[in-house]
1. Note down the magnitude of the dipole of region 63-122 about its Cα centre, charges +1 on Lys and Arg C-beta and -1 on Asp and Glu C-beta and zero elsewhere, to the nearest 20 debye.
2. Could you sort 215-221, 227-233 so that the peptide with the highest average Cβ count within 10 Å comes first and the rest follow in order?
3. In nanometres, what is the gap between the two model label sites at Lys77 and Val145, each 7 Å from Cα along Cα-to-Cβ?
4. With 10 angstrom as the radius, rank Asp74, Asp32 by how many other C-beta atoms surround their C-beta, starting from the fewest.
5. With charges set only on the Cβ (+1 for Lys and Arg, -1 for Asp and Glu), what does the dipole of region 68-268 come to about its Cα centre, in debye to the nearest 20?
6. Expected output is a single nm value to one decimal: the length gained when fully extending between Ser186 and Glu7, i.e. 0.36 nm times separation in residues minus the C-alpha distance. What is it?
Amino acid sequence: MSLRLIEIVLSPGYLNVAEGLIREQNPIDMWDEEITQGRIRIKEEKTPKKSGETKVDKSGKIGTRISREELYSDVEKMTKLSWIFIVLIVLASVVAAVGILRNNVVFIIGAMVIAPALGPNVALSLGTTLSDGDLSRRALKTIFVGSLWAFVFSALIGILLEVNPQIPEIFTRTEVNFGDIALALSAGSAAVLSLSSGLVSALIGVMVAVALLPPLVTMGMLVGAGQWELAIGSLQLFLVNFICVNLAGVITFLFQGVRPLTWWEANRA
């Protein structure tokens, strides 16, 4: 985990208690100084953990998750809808469509590197876990707009180019199988673990994009080509993968102890 600086502002009467709690965490250094109205500020830099090192909390649970607030801040930034997000989605859709039509896996994986699918889906999982309606709505909006652009451009490609449903990369994405479900569940869990540990990996984003974008692009091209029955199969695959990615994310957040702060939020979640 990267080096972190924590600043605490509190009344002088709580200084000794705070110092004791902080020293239990083995900080690199800490100091205090007086500011206005007799308050005291304590700053602490936590020791960075080595690769593979775990932390045991007072409840006996083992984990390396970053703080809830930092996780929320990181995820929230990734839900912002911008023209860069849309351009990346369109470019990824075009490259994926070409790769699917040419039955070229390398092209498809290359397209998934471009697609910004990681952030919005993890944000939706976190919003669902915390019963945060605002975060969930922003994530859903970003996912919907991105999916719409991908579908429209894929449909245009299906209209302009010949789409052969017998191409293996198309045919295999017209039905749901257990391999696709396993991929989606694994991608969702890995996405949450990468972000919650503070170690975001580009390869994890590729996993999420592989589960979501190719079925969506396939559906768009089949709609453009007038292959409605096969397009419905691709739509089913996309929806199943989408649900599995986010379901796995919610379960992983719960396993890590990420829960609502109040009982009514917990009931709503």
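Every number in this text was worked out from the coordinates using simple rules, so none of it is lab data. Computed from a predicted model, the values in this text were never measured in an experiment. Methodologically, a virtual Cβ is constructed for each residue, glycine included, from the backbone with ideal geometry; neighbour enumeration extends over all protein chains shown.
1. On the way: 5 positive and 4 negative charges, 33 e Å.
That gives a dipole near 160 debye.
2. Values: 215-221: 28.9, 227-233: 16.4.
So the peptides 215-221, 227-233, ranked by packing, come out 215-221, 227-233.
3. Distance between the two pseudo-spin positions: 1.9 nm.
4. Numbers: Asp74 18, Asp32 15.
Starting with the residue having the fewest Cβ neighbours, the order is Asp32, Asp74.
5. 220
6. On the way: separation 179, 0.36 × 179 = 64.44 nm, distance 3.66 nm.
In short, 60.8 nm is gained.
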